[in-house]
1. Over the Cα atoms of chain B, what radius of gyration and what Dmax do you get, in Å?
2. Give the cross-link partners of residue A:106 among the lysines, using a straight C-alpha distance below 20 Å as the criterion and excluding same-chain residues fewer than 8 apart.
3. Summarise the partner chain shielding of A:50-58 as one whole number: the mean count of Cβ atoms from other chains within 10 Å of each residue's Cβ.
4. Rounded to the nearest 20 debye, what is the charge dipole size of the range B:42-83 about its Cα centre when +1 sits on each Lys and Arg Cβ and -1 on each Asp and Glu Cβ?
5. Whole Å is fine, so just give me how far the alpha carbon centre of the range B:1-52 lies from that of the range B:91-112.
6. Got the relative contact order for chain A handy, in percent, Cα pairs under 8 Å and 6 or more residues apart?
7. Once you put a point 7 Å from the Cα of residue B:5 and another 7 Å from the Cα of residue B:18, both along the Cβ direction, what distance in nm separates them?
8. If you check each cysteine of the protein assembly as shown for another cysteine whose beta-carbon is under 4.7 Å away, which ones come up empty?
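Nothing in this text is a laboratory measurement; each read-out follows from the coordinates by a stated rule. All values reported here derive from a predicted model rather than from experimental measurement. In this analysis, Cβ positions are derived from the backbone assuming ideal geometry, glycine residues included, and neighbour counts consider all displayed protein chains.
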Amino acid sequence: KQEVTQIPAALSVPEGENLVLNCSFTDSAIYNLQWFRQDPGKGLTSLLLIQSSQREQTSGRLNASLDKSSGRSTLYIAASQPGDSATYLCAVRPNGGSQGNLIFGKGTKLSVKP
Amino acid sequence: DTAVSQTPKYLVTQMGNDKSIKCEQNLGHDTMYWYKQDSKKFLKIMFSYNNKELIINETVPNRFSPKSPDKAHLNLHINSLELGDSAVYFCASSQGWNGELFFGEGSRLTVL
């Protein structure tokens, strides 16, 4: 059974720091992996989608990597800003077509202090 | 021009009532989902659906039922509401079973 773990559960950094959020999954048979951010009381915003054949994806100050064989993904945020404060969720889609629904981690709550 | 929209955003009701949450997507996607986020913020799939197949998470009580009048809508009906149904319910859509997911803003259900 696929399980997704995110460490740390919470992280507080001063503005301007570069930081890394970690995601691990127990079964490497995944189709893709998606990173989201969730602001309080809001829905999830898709940040990056990495296909299983890819090693990384970049969008602006965000870079996500994927090491499928070791069951790990990282989300790198460069030059953090207070507006980056949110909960970041990692989700994997197992192989299996219609049976392969996204499985979420519990998220990392990020606080960027001015 | 919200991509995935849900109504209502907040819903407060009594135990035993029947309620519905509506979801519409204007992305042209063919697959839609309902997720439940509990008090610990953990997201779990409830249903996934396209015009060919409905996948139901086996842990979902049969008091919950999705209804899709067309490809752009997937509504959630809940019968005989219980206290434990209180949660935030999110609708999402994707193109195909493996596409990138886009979420609505969520509907917070409180059962008294």
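1. Rg then Dmax for chain B, in Å: 13.2, 38.
2. Partners found: A:1, A:42, A:68, B:36, B:40, B:41, B:44.
3. 0
4. That gives the range B:42-83 a dipole magnitude of about 80 debye.
5. The distance from the Cα centre of the range B:1-52 to that of the range B:91-112 comes to 5 Å.
6. Relative CO of chain A lands at 37 percent.
7. 2.7
8. none
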